[in-house]
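Visitor: Before I ask anything, let me first share the structure, which is written out below as structure tokens.
The values are calculated or read from the model by the stated rules, or taken from the named source; none is laboratory data. Keep in mind that what you see is a predicted model, and the values were worked out from it rather than measured. In this analysis, Cβ positions are derived from the backbone assuming ideal geometry, glycine residues included, and neighbour counts consider all displayed protein chains.
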Amino acid sequence: MGIFSRLKWFFKNQWRQYLVGVIALIVVAIFNVIPPRIIGDVVDAVSKRNMTAHFLLVNMLVFLGTAIAQYLLRYLWRKMIFGSSFVLERDLRSRLYRQFMKMDATFYQKWRTGDLMAHATNDIDAVREVAGPGILTLADSIITGTSTILAMGLMISWKLTLWAVLPLLLLGIMANVLGGKVHDAFSKSQAEFSNINNKTQESIVGIKVLKALGQEKEDEEDFNKYVEDNIKANKRSYRLDSLFDPMTTLIMGISYVVTIILGGLSVLNKQITIGQLVSFITYMAQLTWPMYAVGSLFNVLERGSASYDRISELLGEKSSLVHPKHAVESAPDGTLDFNVHSFHYPDDSATALQNVHFQLKEGETLGIVGPTGGGKSTIISLLMRDFDHYDGAIKVGNHDIRKYDVDNYLNTIGYVPQTNFLFSTNIRDNVRFANIEASQEEVEKASRVADLDTDIEKMPNGYDTQVGELGVSLSGGQKQRLAIARAILSNPKLLILDDSLSAVDFKTERNIEQRIAQNRRFATTIIAASRLSSVENANQILVIDHGTIIEKGNHHELLAQKGWYYNTFHLQEKTAQLEGRLNNG
């Protein structure tokens, strides 16, 4: 019953609806004791040969009226109780979604997509069952059981009632014994369901790689292993749960035997009439549902409790991002001062950045280059506030970026990563995602800046072309350019291109760089790149290696230093010349 205590915040908000529903259940239970009494009276009238048409008509009308009233009241409690349970489902889904939106990168490294999907679907459904069928079963079994037992005791025989219900106490003992085992079994079952979700999601997303490497059979075998583990967990949980129904049947059978033997003796001793015994047995039949409901209730509560534990664990996760009580209200504006003495990732003791200091004035362009794994993306991650815990400070306009509200800060940044996420909609809506009210003219202008307009014009449906899931219908270069167009359309104060031109050729890259420079003449831009040609025109270029700055200056100054930048630039230049000869030859 602990799950009800943990959901009291919800029941407190919905108490009126549940009160109406429970009252309707109570009235239904009261009406429910009338038909067995009518049946007993009719049987007695027949056995005593004093049945009249008027007597039968009145009883049948009462019987019919009772049935109609129960129908209407059942509609009412279903609307109140089941309707409220869907309010809980909505609230939990909203809370989880808000939690997903505010969590940091560390959270998404810890939790896999399949886990999060399982929590947001299967687990929430299980908790909703507690607030709907769970409440119904609990209230209905108590009300129906109590009213039926009272009717049996007050209208027929309290002694016979006592003997008949005595075996039912065994159900409570059984529920107590199996409680912890069922909870653990359902927790394991839900965890295995999450694992299947993870495996399915990874296999579908990586289907091209699986096929290219010829790993379909191996992946299928791996998937089948997850399925088998899930089946084993489900078998154990349902095996424990299935112990209730046979036990309930056995206990109810014992109660019927007691009723028939003692009831028959009572009739022979003229303590009750034959009609009262028929009514008593009919009442016993009505007790069957509450008894079976105990097993059903136990199933729902334990499954819901296990699922709510998993959901609560997610909701209890705390973001490591700083959320200031008194955030800077003005939008980030001014010179960017990056001064990080040291930074390491949360689960890694190795230093990722050390003594990285630079200043970027408004309207300037900064290039960040260096060997793979040198720290370029880490600098971008700190600017994007993926992580807020580092030794040092990053300021925009004399305010530490951690003093800004995260959403307000990020709204001023246009970010284009190397691997872009596109939505399963048309090109137009993907471009104007950050500003869905943007006009067609604005969409086309942004596409021209990203050198994507010519490609779109060649497509059969133009800007209405569907890109498919994750942009599957577009090439790698088209995906990157679409993402650049999306960032350009938002007109950010700071545009960050994180190796976002790696999939386009040299000529296209030059066109995009020139158009971005013209479009953002007085705006700030940061370009992290592997190809040095991408940053040649930057006001300032940083060379990052092993998490620190090893060279700094503009293009000509770095060439004059004859270090890493000089060597890499000439190597890439020779490579480009060789590729050009091969393509022309």
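Visitor: Scan segment 312-349 for residues that are over 30 Å from GLY373 (Cα atoms) and either touching a Cys at 6+ places or on another chain (Cβ under 7 Å) or at pLDDT 85 or above (or both) and jot them down.
Guide: Once the filter is applied, which keeps residues that are over 30 Å from GLY373 (Cα atoms) and either touching a Cys at 6+ places or on another chain (Cβ under 7 Å) or at pLDDT 85 or above (or both), segment 312-349 yields SER312, GLU313, LEU314, LEU315, GLY316.
Visitor: Tell me whether segment 251-274 contains one or more residues that are touching a residue at least 60 places away in the same chain (Cβ under 8 Å), in the same structural domain as THR200 (by TED's automatic domain parsing) and farther than 26 Å from VAL33 by Cβ.
Guide: The answer is no; no qualifying residue exists.
Visitor: So GLY316 passes all but one of these: (1) in contact with a helix residue (DSSP H, G or I) (Cβ under 9 Å, 6 or more places away or on another chain); (2) closer than 30 Å to ARG236 by Cβ; (3) not aliphatic (A, V, I, L, M). Which condition number does it fail?
Guide: (1)
Visitor: In segment 446-474, what residues are within 30 Å of ILE541 (Cα to Cα) and polar (S, T, N, Q)?
Guide: Passing the criteria: only SER447.
Visitor: Out of LEU497, LEU542, LEU501, I need the residue that is in the same structural domain as GLN359 (by TED's automatic domain parsing), outside any helix (DSSP H, G or I) and surrounded by 23 or more Cβ atoms within 10 Å (Cβ to Cβ). Which one?
Guide: Details: LEU497 fails: in the same structural domain as GLN359 (by TED's automatic domain parsing); LEU501 fails: in the same structural domain as GLN359 (by TED's automatic domain parsing).
LEU542 is the lone residue from the list that is in the same structural domain as GLN359 (by TED's automatic domain parsing), outside any helix (DSSP H, G or I) and surrounded by 23 or more Cβ atoms within 10 Å (Cβ to Cβ).
Visitor: Pairs needed: first member in segment 402-430, within 24 Å of THR524 (Cβ to Cβ); second member anywhere, among the small types (Gly, Ala, Ser) and part of a helix (DSSP H, G or I); C-beta distance under 8 Å; at least 6 residues apart or different chains.
Guide: GLY414/ALA487; TYR415/ALA487; VAL416/ALA483; VAL416/ALA487; PRO417/ALA483; ASN420/GLY471; ASN420/ALA483
Visitor: Take segment 16-44 and flag every residue that is surrounded by fewer than 17 Cβ atoms within 10 Å (Cβ to Cβ) and either in contact with a Gly (Cβ under 6 Å, 6 or more places away or on another chain) or without any contact (Cβ under 8 Å) to a residue 40 or more places away in the chain (or both).
Guide: ARG16, LEU19, ILE23, listed by residue number.
Visitor: A further question on this structure: Go through segment 552-565 and give me each residue that's over 12 Å from VAL369 (Cα atoms), assigned to a helix (DSSP H, G or I) and not hydrophobic (A, V, I, L, M, F, W, C).
Guide: Selection gives HIS556, GLU557, GLN561.
Visitor: Scan segment 504-521 residue by residue and report those that are touching a helix residue (DSSP H, G or I) at 6+ places or on another chain (Cβ under 9 Å) and part of a helix (DSSP H, G or I). Reasoning before the result, please.
Guide: Taking segment 504-521 first, the residues touching a helix residue (DSSP H, G or I) at 6+ places or on another chain (Cβ under 9 Å) are 504-506, 508-510, 512-513, 515-516, 518-520.
Result: PHE506, THR508, GLU509, ARG510, ILE512, GLU513, ARG515, ILE516, GLN518, ASN519.
Visitor: Restricting attention to segment 545-563, and to residues there that are among the small types (Gly, Ala, Ser) and over 16 Å from LEU360 (Cβ atoms), which single residue is surrounded by the most Cβ atoms within 10 Å (Cβ to Cβ)?
Guide: Start the filter on segment 545-563 by keeping residues that are among the small types (Gly, Ala, Ser), which leaves 547, 553, 560, 563.
Next, from what is left, pick out any that are over 16 Å from LEU360 (Cβ atoms): 547, 560, 563.
Working: GLY547: 22, ALA560: 12, GLY563: 13.
This residue is GLY547.
Visitor: For segment 417-428, give me each residue that is buried (at least 16 other Cβ atoms within 10 Å of the Cβ), under 26 Å from the mean Cα position of the chain (by Cα) and either modelled with pLDDT of 85 or more or farther than 22 Å from GLY462 by Cβ (or both).
Guide: Kept after step one, since they are buried (at least 16 other Cβ atoms within 10 Å of the Cβ), are these residues of segment 417-428: 417-418, 420, 422, 427-428.
Okay, now just the ones that are also under 26 Å from the mean Cα position of the chain (by Cα), so 417, 420, 422.
Within segment 417-428, just PRO417 meets the criteria.
Visitor: Which residues, taken from segment 63-96, are modelled with pLDDT under 85 and either outside the structural domain of ILE30 (by TED's automatic domain parsing) or more than 20 Å from VAL20 (Cα to Cα) (or both)?
Guide: Across segment 63-96, the qualifying residue is only PHE63.
Visitor: Exactly one condition in (1) acidic (Asp, Glu); (2) closer than 30 Å to PRO246 by Cα; (3) surrounded by 15 or more Cβ atoms within 10 Å (Cβ to Cβ); (4) modelled with pLDDT of 80 or more is false for ASP125; which is it?
Guide: For ASP125, the failing item is (3).
Visitor: Then there is this: Limited to segment 448-471, what total is found for residues that are of a type outside the set (Gly, Ala, Ser), farther than 28 Å from ARG510 by Cβ and not in a helix (DSSP H, G or I)?
Guide: Number satisfying all stated conditions: 3.
Visitor: Turning to a different aspect of this structure: Check PHE55, PHE82 and return the single one that is without any contact (Cβ under 8 Å) to a residue 24 or more places away in the chain and touching a helix residue (DSSP H, G or I) at 6+ places or on another chain (Cβ under 8 Å).
Guide: PHE55
Visitor: Can you pull out every residue in segment 97-114 that is modelled with pLDDT under 85, hydroxyl-bearing (Ser, Thr, Tyr) and under 23 Å from HIS323 (Cα atoms)?
Guide: Here is the first cut: in segment 97-114, the ones modelled with pLDDT under 85 are 101-114.
Imposing the further condition that a residue be hydroxyl-bearing (Ser, Thr, Tyr) reduces the set to 106, 108, 113.
Passing the criteria: THR106, TYR108.
Visitor: Does GLU437 fit the bill of being among the charged types (D, E, K, R) and over 30 Å from HIS323 (Cβ atoms)? Walk me through how you get there before you give the answer.
Guide: Working: among the charged types (D, E, K, R): yes; over 30 Å from HIS323 (Cβ atoms): no.
Judged against the criteria, GLU437 is not a match.
Visitor: Could you list, in sequence order, the residues of segment 13-52 that are in contact with a helix residue (DSSP H, G or I) (Cβ under 7 Å, 6 or more places away or on another chain), of a type in the set (S, T, N, Q) and under 29 Å from ILE281 (Cβ atoms)? Break it down stepwise before answering.
Guide: Step one: filter segment 13-52 for residues in contact with a helix residue (DSSP H, G or I) (Cβ under 7 Å, 6 or more places away or on another chain), giving 14, 17-18, 20-22, 24-45, 47, 51.
Right, trim to of a type in the set (S, T, N, Q) and you get 14, 17, 32, 47.
Result: ASN32, SER47.
Visitor: Can you name the number of the only condition in (1) out of contact with any Pro (no Cβ under 9 Å at 6 or more places or on another chain); (2) in a helix (DSSP H, G or I); (3) touching a residue at least 12 places away in the same chain (Cβ under 8 Å); (4) of a type in the set (A, V, I, L, M) that ALA483 fails?
Guide: All conditions pass for ALA483, except number (1).
Visitor: Another one. Check LEU168 against each of (1) modelled with pLDDT of 75 or more; (2) buried (at least 19 other Cβ atoms within 10 Å of the Cβ); (3) under 30 Å from ILE281 (Cβ atoms) and name the one condition it does not meet.
Guide: (1)
Visitor: Which pairs do you get when a residue that is touching a residue at least 12 places away in the same chain (Cβ under 8 Å), found in segment 359-387, comes within reach of a residue that is among the basic types (Lys, Arg), reach meaning Cβ atoms under 7 angstrom, with the pair 6+ apart or on two chains?
Guide: These pairs meet every condition: ILE368/LYS376; GLY370/LYS376.
Visitor: Which ones in segment 286-311 are at pLDDT below 75 and assigned to a helix (DSSP H, G or I)?
Guide: Filtering segment 286-311 down to residues at pLDDT below 75 leaves 286-296, 298-299.
Those that are at pLDDT below 75 and assigned to a helix (DSSP H, G or I): GLN286, THR288, TRP289, PRO290, MET291, TYR292, ALA293, VAL294, GLY295, SER296, PHE298, ASN299.
Visitor: Could you grab me the full set of residues in segment 460-494 that are on the phi < 0 side of the Ramachandran plot, small (Gly, Ala, Ser) and surrounded by fewer than 23 Cβ atoms within 10 Å (Cβ to Cβ)?
Guide: Initially, segment 460-494 is screened for residues on the phi < 0 side of the Ramachandran plot, giving 460-461, 463-467, 469, 472-490, 492-494.
Pick out the ones that are also small (Gly, Ala, Ser) and you get 473, 475-477, 483, 485, 487, 490.
The answer is SER473, SER475, GLY476, GLY477, SER490.
Visitor: Being surrounded by 15 or more Cβ atoms within 10 Å (Cβ to Cβ), among the hydrophobic types (A, V, I, L, M, F, W, C) and touching a Leu at 6+ places or on another chain (Cβ under 9 Å) is the filter here, so list the residues in segment 301-336 that pass it.
Guide: Passing the criteria: LEU301, ILE311, LEU314, LEU336.
Visitor: Additional query: Quick one: which residue in PHE100, PHE55 is surrounded by fewer than 17 Cβ atoms within 10 Å (Cβ to Cβ), part of a helix (DSSP H, G or I), more than 14 Å from the chain's Cα centre (by Cα) and of a type in the set (Phe, Trp, Tyr)? Give the derivation first.
Guide: On the way: PHE100 fails: more than 14 Å from the chain's Cα centre (by Cα).
After applying the criteria, what remains is PHE55.
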